[in-house]
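A.B. asks: First the structure, then my questions, so here it is.
The values are calculated or read from the model by the stated rules, or taken from the named source; none is laboratory data. Treat the numbers as computed from the prediction; the structure is a model and nothing was measured. We place every Cβ from the backbone using ideal geometry, glycine too, and count neighbours over all the protein chains shown.
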Amino acid sequence: MYEQTFLVKNLKDIGVQTGDILVITCSLSEVGRLEFGFETLVNALIESVGETGGILGLSFNYGQKLPIASNSNADIFSRNLKPSTGGLNEFLVEHPLSIRSGHPMNSFVGIGECIRNLLVSHTPSSPCYDPVHKLAINNSGKMLLIGTLSKSPGITTVHVAQNLLGFKNLDQGRYGVQYYNDKGGIETYIRNDVGGCSIGFHNFYHHYRDDFNFKIMKIGDADSVLVNLHDALNTDLRVLQKNPEMFFCGRESCTKCRIDFWDFSSSLVPASI
Ligand SMILES: [Zn+2]
């Protein structure tokens, strides 16, 4: 059974510092038994970044094919809608101190005063991955993967890079969700950014290893990595400009990681942070 103090030591060893802003994915079952489950982990994260830092989760929700039928039972996005992205995000959405952005499909949820503006400004008219892009531009954020390296290995900067490079795919403009606007009315959000399958994002790991300090360490029992978002985005842009297919997962069942699903004709346009 791991206690908070043990996890704080693990987090320090992997490189988390006071004042850090962490974008986190986590598979709790990989961490091992914790005294109070997610509460122990989140308290350890908050203690590690301190009052000047912040923690963020990807509280995304699935989109529906457009147009959404008038008799659809699909969920309408609001601040309290349960995210589709698992336990940590569900815990953060319900946390009394958390702030959740208003982006209907790719909302971020977090704790910390320093991330308030980042989340308040992430609205239905923002790019999906805008908080990660801003943290990368300002060199003020890191991504922490706790036990997700095999099932969900993605550093989210790859999606930022796909959009900065102007990649297109067949899903653009075809999916969306309904959401409540500020006045309580229902509007439809149409997703025009690209994203999707991130199972192949481990293909970037050896480039990260070449470019900066990228090493797998343990948090509890979970294999974990901590990556500076600015460094990761620089690597992603360079790698994708050379080989736009780098993120393909290679699974035969995947309908998204195929050359006929994507248009990379814009990828030779120079792009940088
Ligand atoms: Zn795939």
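For (1) in a loop (DSSP other than H, G, I, E, B); (2) at negative phi; (3) under 19 Å from the mean Cα position of the chain (by Cα), each residue gets a yes or a no:
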| position | (1), (2), (3) |
| --- | --- |
| 166 | yes, no, no |
| 173 | yes, no, no |
| 178 | no, yes, no |
| 194 | yes, yes, yes |
| 230 | no, yes, yes |
| 239 | no, yes, no |
| 252 | yes, yes, no |
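A.B. asks: Checking residue 260 against (1) touching a helix residue (DSSP H, G or I) at 6+ places or on another chain (Cβ under 8 Å); (2) over 29 Å from residue 16 (Cβ atoms); (3) within 16 Å of the ligand (Cβ to nearest atom), only one condition comes out false. Which one?
C.D. replies: The number of the failed condition is (1).
A.B. asks: Name the pairs whose Cβ atoms lie under 6 Å apart, with the first residue in the range 248-262 and touching a residue at least 60 places away in the same chain (Cβ under 8 Å), the second more than 8 Å from the ligand (Cβ to nearest atom), and 6 or more positions between them or separate chains?
C.D. replies: 261/169; 261/170; 262/169
To keep it simple, each residue is scored yes or no on (1) at pLDDT below 95; (2) more than 11 Å from the ligand (Cβ to nearest atom); (3) of a type in the set (A, V, I, L, M); (4) out of contact with any His (no Cβ under 6 Å at 6 or more places or on another chain).
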{"position": "200", "(1), (2), (3), (4)": "no, no, no, yes"}
{"position": "207", "(1), (2), (3), (4)": "no, yes, no, yes"}
{"position": "218", "(1), (2), (3), (4)": "no, yes, no, yes"}
{"position": "224", "(1), (2), (3), (4)": "no, yes, no, yes"}
{"position": "233", "(1), (2), (3), (4)": "no, yes, yes, yes"}
{"position": "249", "(1), (2), (3), (4)": "no, no, no, yes"}
{"position": "268", "(1), (2), (3), (4)": "yes, yes, yes, yes"}
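A.B. asks: Here is a follow-up. Would you mind finding the one in 57, 87 that is in contact (Cβ under 8 Å) with a residue 12 or more places away in the chain and closer than 19 Å to residue 118 by Cβ? Reasoning before the result, please.
C.D. replies: Working: 87 fails: closer than 19 Å to residue 118 by Cβ.
One residue alone meets the criteria, 57.
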